[in-house]
Amino acid sequence: LRQALEELSALNQISNAINAMMSVEEITQVIIDHCLRKVKASQGAVFLLQEEENHADRFRTFVRDFAQTDEHIPFHLNESLTGWMLKNRAIFVSNNPSEDERLRGLRLKELQISSILSTPLLSHGGMIGSLVIINKKISGGFTDDDRRFLGIVGTQTAKVIENARLLEKEKKLISMQRDMELAREIQQRFLPQGTLELPGCAVLGYNLPASDVGGDFYDIIQLDGNRLFFSIGDVVGKGIPASLLMANAQAVLRSHLLKGGNYSLQQLAERLNGLICQFTSVEQYISAVVGIYEADSGRMEYINAGHPSGFIISENGGMVRLEPSDLVIGVLPDYEFRVYETYLQPEDLLLFYSDGVTELFNASEEQFGEERLLEILRRAWRQPLEKLSAEIIAALNLFRREHPRSDDITLLALRRLP
């Protein structure tokens with residue numbers, strides 16, 4: 001009865017010392033400390049199996065040492081004990097481990113390990129780790145009472161540890177989500193917002209990432225009182241890798257334009273292409289359009305590097321598809337991009353878009369397609385640019401309904417004013 005009361009008291013102390021907000025490390029320290037005091041041993045550890053199958057280290061280790069001269073519990077001992085318990089799902093006890101056949105070849109005598117007691121930590125999902133106690137301070141080694149107590153502790157605390165791990169995972173996910181939201185906010189701040197009214201033209205860019213951060217970009221930079229630089233691009237892939245490459249591509253173009261050098265479009269495209277080829281893998285590339293528009297004459301020169309062709313819609317109702325695209329950026333380092341030239345008449349509308357528009361799918365796996373986009377342009381091209389972009393986005397949402405988007409959506413529209 002006395003032994004049972006002592007065990008109950010120890011378990012109660014462990015329970016009272018643990019609260020729901022503790023980390024996994026704090027909980028394991030409480031468990032080990034109380035177990036060492038109760039069974040009068042020198043050292044203890046909790047080894048938790050990592051949940052990720054591809055994790056380089058199979059175990060997450062928490063060690064508490066009450067005998068500072070003792071060696072730490074060796075990793076190969078933990079592997080042997082965990083392997084044995086995974087197979088047997090039982091408590092392991094050895095008061096002569098150097099002669100124990102189950103621990104053959106571990107040279108435990110050299111490590112001054114004289115006794116070992118270990119219990120599996122079992123939850124509803126299976127074994128999540130083990131609690132190991134070594135070197136009983138009293139001669140004779142670990143007793144049946146020690147074995148029973150540690151087994152109870154292992155059973156009672158496995159769920160507590162598992163819940164703490166889930167809480168830590170939830171906190172990490174929340175933190176990651178906050179970081180992603182901040183990254184998206186920063187990314188969107190780098191994109192010009194709203195309609196930009198310049199002498200002789202109005203220009204608007206619109207971007208809607210498929211995830212928190214995207215790989216599409218656009219830019220609008222007034223070079224002087226008459227000339228305007230614009231770009232629209234789509235980095236292969238999704239998420240953070242694509243967004244990082246997108247940010248670098250945009251930074252390269254801006255740095256060359258804003259530092260005052262009189263770069264031609266061909267020079268800009270080829271410098272960007274060279275850098276992408278140099279610093280990224282062959283699987284990473286960019287489709288893009290870069291162009292310069294002259295407001296007084298309506299003249300536009302542009303390079304289309306693997307991007308969907310743009311359209312010009314005229315006052316007389318005509319619609320012109322711009323020249324077909326060239327090679328994408330980031331494939332051939334010494335490639336020479338071709339520069340095209342065209343003119344916009346007063347009231348003409350120029351529209352470029354990313355393939356996330358025409359390749360949007362609905363629940364029936366049907367694509368939105370180019371023809372639906374052209375129907376909107378024929379009907380609404382005279383609308384102010386913000387209303388036109390809103391109408392395109394509304395049509396895309398109506399088409400896909402609840403079906404998730406798998407790609408970023410980007411528009412770039414320019415109208416020559418009378």
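Rule-based calculations on the coordinates, nothing more; no lab input. These numbers come from a predicted model, not from an experiment. Glycine gets a Cβ as well: all are built from the backbone with ideal geometry, and neighbour counts include every protein chain shown.
The table below lists the values:
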{"item": "C-alpha center-to-center spacing [the stretch 388-418, the stretch 317-386] in angstrom", "result": "12 Å"}
{"item": "Rg/Rh for the stretch 114-269, where both radii come from Cα atoms and Rh is the Kirkwood radius", "result": "1.41"}
{"item": "Cα long-axis angle, helix 24-39 against the chain (0 to 90 degrees, to the nearest 10)", "result": "0 degrees"}
{"item": "Histogram of C-alpha separations across the stretch 182-416, 10 Å bin width, %", "result": "8, 34, 39, 18, 2, 0"}
{"item": "Degrees between helix 239-258 axis and first principal axis of the chain (Cα, 0 to 90, nearest 10)", "result": "40 degrees"}
{"item": "For the stretch 255-343, fraction of C-alpha pairs farther apart than 19 Å, in %", "result": "45 percent"}
{"item": "Rel. contact order, % - alpha carbon contacts under 8 angstrom, at least six apart, the stretch 156-282", "result": "14 percent"}
{"item": "Which of 176, 246 has the fewest Cβ neighbours within 10 Å, and the rest in rising order", "result": "176, 246"}
{"item": "Listed candidates (i) 21.4, 65; (ii) 33.3, 102; (iii) 24.5, 79 - label of the one calculated as Rg and Dmax of the Cα atoms in Å", "result": "(ii)"}
{"item": "Label-point separation in nm, residue 170 to residue 23, each point 7 Å along Cα→Cβ", "result": "1.8 nm"}
{"item": "MRE, 222 nm, helices only [DSSP H, n ≥ 4, -39500 (n - 2.57), over the chain, to nearest 500]", "result": "-13000 deg cm²/dmol"}
{"item": "Extension gain, residue 178 back to residue 104 (0.36 nm per residue minus Cα-Cα distance, nm)", "result": "21.6 nm"}
{"item": "Value of relative contact order over the chain, rounded to a whole percent, pairs C-alpha under 8 Å and six or more apart", "result": "12 percent"}
{"item": "Angle between the chain longest axis and helix 2-17 axis [Cα atoms, degrees, rounded to 10]", "result": "20 degrees"}
{"item": "The chain: most fluctuating residue of 386, 170, 99 per GNM, C-alpha cutoff 10 Å", "result": "99"}
{"item": "Length gained when the stretch residue 33-residue 367 is fully extended (0.36 nm per residue, less Cα-Cα span)", "result": "114.0 nm"}
{"item": "Value of relative contact order over the stretch 182-416, rounded to a whole percent, pairs C-alpha under 8 Å and six or more apart", "result": "24 percent"}
{"item": "Length gained when the stretch residue 355-residue 145 is fully extended (0.36 nm per residue, less Cα-Cα span)", "result": "68.6 nm"}
{"item": "q = 0.16, 0.27, 0.28 Å⁻¹: log10 I(q)/I(0) that the Debye formula gives for the stretch 198-272, counting C-alpha atoms only", "result": "-0.64, -1.26, -1.30"}
{"item": "³J(HN,Hα), Karplus 6.51/-1.76/1.60, whole Hz, each residue of the stretch 301-312, x for Gly, Pro", "result": "10, 7, 10, 10, 9, x, 9, x, 5, x, 10, 10"}
{"item": "Lysine pairs in the chain with Cα atoms under 15 Å, if 8 or more residues apart or on separate chains", "result": "5"}
{"item": "Distance between the stretch 120-156 and the stretch 253-297 - C-alpha centres, whole angstrom", "result": "65 Å"}
